[in-house]
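Throughout, read-outs are computed from the coordinates displayed, never taken from laboratory work. The structure presented is a predicted model; accordingly, all values stated were derived computationally and were not measured. Here Cβ is always computed from backbone atoms with ideal geometry, including for glycine, and neighbour counts include all displayed protein chains.
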Amino acid sequence: MRRFLLVGLVLALAGCGGSGSTSSATGSTVKLASSKLGRIIVDGKGRTLYLFAADKNGTSTCSGACAATWPPLTAASPSAGDGLDGGALGTTKRADGRQQVTYHGHPLYRYAGDGPPGSTKGENLNTFGGAWYVVNAAGKAVQPASSGSEMGGSRGGYGY
């Protein structure tokens, strides 16, 4: 019985069976939430959204095992919640044909290792060939205030 539960959990995290671990294919809301990292963007269920520093020109480079660990936020017609720039919200076509939500040109992902809404365990991880960062309302990567940043938690100078 435990084996079947474990297999079910692995399949759920891997996103098997179609859109499994991604959001609705028709629409998704991206909104602001408070966290220990400041105001960050989250999906409609309050799950933290990340950008992948290895993505270039608004194109996702995360697929296969990467996308199982970092499920892309997919939607054909995303909407911006209060405090976000709706004009900066868009989509990009993934290699599998699905539309991935972008914000300020960055494809957005969740982290399978995050716990409940508001969890930010994926912040500043370096996996699958690049670093992963939580995203703020300006579309920039954020970092903990304890890092000594003088930019209010923004990695504005890095161009992410």
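Which one of these is more than 12 Å from Cys66 (Cα to Cα) and crowded, with 16+ Cβ neighbours inside 10 Å: Tyr109, Tyr103? Full working, then the answer.
On the way: Tyr109 fails: more than 12 Å from Cys66 (Cα to Cα).
Unique residue meeting the criteria: Tyr103.
Considering only residues that are part of a loop (DSSP other than H, G, I, E, B) and of a type in the set (A, V, I, L, M, F, W, C), look in segment 30-57 and name the one that is farthest from Asp82 (Cα to Cα). It would help to see each step written out before you state the result.
As a first pass, look at segment 30-57 and keep what is part of a loop (DSSP other than H, G, I, E, B): 36-37, 43-47, 49, 53-55, 57.
Among the residues that remain, those that are also of a type in the set (A, V, I, L, M, F, W, C) are: 37, 49, 53-54.
Numbers: Leu37: 19, Leu49: 16, Ala53: 26, Ala54: 29 Å.
By that ranking, first place goes to Ala54.
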